[in-house]
Amino acid sequence: GENVEQHPSTLSVQEGDSAVIKCTYSDSASNYFPWYKQELGKRPQLIIDIRSNVGEKKDQRIAVTLNKTAKHFSLHITETQPEDSAVYFCAASLGSWGKLQFGAGTQVVVTP
Amino acid sequence: EAGVTQFPSHSVIEKGQTVTLRCDPISGHDNLYWYRRVMGKEIKFLLHFVKESKQDESGMPNNRFLAERTGGTYSTLKVQPAELEDSGVYFCASSQNRGDGYTFGSGTRLTVV
């Protein structure tokens, strides 16, 4: 089955610096890769996603890159702010029915 | 538009008892998913409904877990009898079309003591 590995498990950055989270997946048939942000005590929220026919996608300070050959994808957050502090989960699709395999999460702490 | 609603938000039960979790998806969303996060690990798939039908229940841990979605609206997930290892946060999510990004509920934190 699909296996998604996410690194690092914790990431501490200074406000204004960039943060990068990396994920690898095992199933070459995966074609949808969303990223979720979960603030303390709140629900996971979709922040950006990418499909396998695209190599990069950007939304303001957030960008995701996908390397299908290497089977890895990354989340990049630029100019980090304290409100970016949260747990971030990557995920990869399993089959065509929308089931997702999640990574273990990355706790991001942005210090002022 | 109302989001995905789950209740209770927290539940503490004793081993051997029964607990029923409920999820109300976004109106019109045919796809409803249940996931669980145990002890800070990854969010793991439990099952997927399309309307009232179980499309995939390959993630259900064992037969102590029973999910239903009568009428294709809200869904319930019953754990009977509960065991200590069932503790975790149970998330429900919905989407209009398969392959769309999900909208998650806030989760039910289940503690079995």
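Values quoted throughout were computed directly from the atomic coordinates according to the rules given, and no laboratory measurement underlies them. Small disclaimer: the values here were computed from a predicted structure and weren't measured. Heads up, the Cβs are rebuilt from the backbone with ideal geometry, glycines too, and the neighbour counts pull from every protein chain shown.
Listed here are the strands (runs of 3 or more DSSP E) enclosed by segment A:57-112 that have at least 2 residues being crowded, with 21+ Cβ neighbours inside 10 Å, on the phi > 0 side of the Ramachandran plot and within 14 Å of chain B (Cβ to nearest Cβ), and there are none. Say we look at segment A:18-56 and pick out the residues that are part of a strand (DSSP E or B), among the aliphatic types (A, V, I, L, M) and under 18 Å from B:Ile43 (Cα atoms); which of these is farthest from the other protein chains (Cβ to nearest Cβ)? Out of the qualifying residues, it is A:Ile21. Reported count of residues in segment B:8-34, each being of a type in the set (A, V, I, L, M, F, W, C) and loosely packed, with under 11 Cβ neighbours inside 10 Å, is 0. Each residue in segment B:93-111 was checked for being within 10 Å of another protein chain (Cβ to nearest Cβ) and under 9 Å from the mean Cα position of the chain (by Cα), and 2 pass.
Yes/no matrix, rows are residues, columns are (1) of a type outside the set (Phe, Trp, Tyr); (2) closer than 19 Å to B:Glu14 by Cβ; (3) surrounded by 14 or more Cβ atoms within 10 Å (Cβ to Cβ):
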| position | (1), (2), (3) |
| --- | --- |
| B:Phe65 | no, yes, yes |
| B:Tyr74 | no, no, yes |
| B:Ala93 | yes, no, yes |
| B:Asp100 | yes, no, yes |
| B:Thr108 | yes, yes, yes |
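Pairs linking a residue in segment B:1-19 that is touching a residue at least 40 places away in the same chain (Cβ under 8 Å) and within 14 Å of chain A (Cβ to nearest Cβ) to a residue that is in a loop (DSSP other than H, G, I, E, B) and β-branched (Val, Ile, Thr), with Cβ atoms under 9 Å and 6 or more positions apart or on different chains, are B:Gly3/B:Ile26; B:Val4/B:Ile26.
A:Ser12: of a type in the set (Ser, Thr, Tyr), more than 11 Å from the chain's Cα centre (by Cα), outside any loop (DSSP other than H, G, I, E, B) and within 14 Å of chain B (Cβ to nearest Cβ), yes or no? So A:Ser12 does not fit the description; no. For A:Glu39, are the conditions met, namely being touching a residue at least 12 places away in the same chain (Cβ under 8 Å) and at positive phi? Here the answer is no, as A:Glu39 does not meet what is asked.
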